[in-house]
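The structure appears below as structure tokens.
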Amino acid sequence: MLATDGLVACDVFIGEILGALILNERKQRKEDKMVRNRKVLLEIEDEVAMITINRPEARNAVDRDVLEGLKAAAEQILTESEVRVAILTGAGDRSFCAGVDLKAIASGEDIMPTRAVRSEFEALQTIGRIYTMFETLPVPVIAAVNGYCLGMGLELILVCDIRLASETTIFSIPEVQMGTIPDVGGTQRLTKIVGVGKAKELIYTGRRIDAAEALRIGLVEHVYPQAKLMEEARKLALEIASAAPALVQGAKRAINIAVSYPLEIGLSFEASTAVSTRQDIRQGSASLLQKSKSAS
């Protein structure tokens, strides 16, 4: 065997070792991106962050660990520059989130993510800030609602940009029947999404509505068979992720301002965002022209 053959074989061997090391490093990085919380899972793949409330045995009800996990997931997404879209769902096919963990409350368990709060008012504000983190994430958040969506669960989907539901999903915001009122943004966000009259009806009565009714009143954007829900959510996420992130994120901020501020402020922000993202317009125009040619 020639000396050069030995060198080539050595190079191949070294290349295989380096390749294995790189794959292992990538695997480790992916594992590092998982939120260290068994009750809320975070996985990032193909520019999409998948957040899963993982308490199927308790219908994914909210307790301390869930709140801490949601907070950690939102914070993690903020640090991941490659994430362009997030999907929020519940484990299993029976429940997205059945609201606060009533068994924990009845047993006197403190569900607050921190023990430092000094009053009930401060506690509600703390939970509210965790929910609002998803509303203010720079990337769009898609709720894939797979089953019961009650109370705090319904309030959670209200902070998402787009809501998809399975045909079997049941929605309710029953706090008035429980001796309180929706206290994590439900009175404010539900009103903006479904209108004043419908929000009052749902909150005053606490009655349950099915996915078809939720679609009719604008609480969700699409309804799919249970078996197709996650596939459709991912398809939508990848479609959004294919657009220029600066434009999608700028549009999200502009739309959020439209909902929360006077028209003049929204128009001003819209114009400034459009100007600041003009660098992407040529790429976007070329892409649209290419799609048009392909379709014709």
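Each reported figure results from applying straightforward, stated rules to the coordinates on display, with no laboratory input. Predicted, not measured: the structure shown is a model, and the values here were computed from it. Every residue, glycine as well, gets a Cβ built from its backbone with ideal geometry; the counts of neighbours run over all protein chains shown.
General observations
- Gyration tensor (alpha-carbon) shape descriptor, the stretch 117-189, a/c threshold 1.5: oblate
- When each of the peptides 217-227, 137-147, 86-96 is scored by how many other beta carbons lie within 10 Å of its residues on average, the order from highest to lowest is 137-147, 86-96, 217-227.
- Taking each residue as 0.36 nm, the span from E109 to S268 lengthens on full extension beyond its C-alpha to C-alpha distance by 52.5 nm.
- Using only alpha carbons, the stretch 180-243 has a radius of gyration to Kirkwood radius ratio (Rg to Rh) of 1.07.
- Alpha-carbon centroids, the stretch 110-175 and the stretch 246-261: separation in whole Å: 20 Å
- D (Stokes-Einstein, µm²/s), Kirkwood Cα radius, the stretch 32-242, 1.567 mPa s at 4 °C: 76 µm²/s
- Compared with the direct C-alpha span, the chain from D93 to Q226 gains 47.1 nm at full extension, assuming 0.36 nm per residue.
- Set K103/K235; K198/K252; K200/K252; K200/K228; K103/K192; K39/K198 screened for pairs whose C-alpha atoms are more than 29 Å apart: K103/K235; K200/K228; K103/K192; K39/K198
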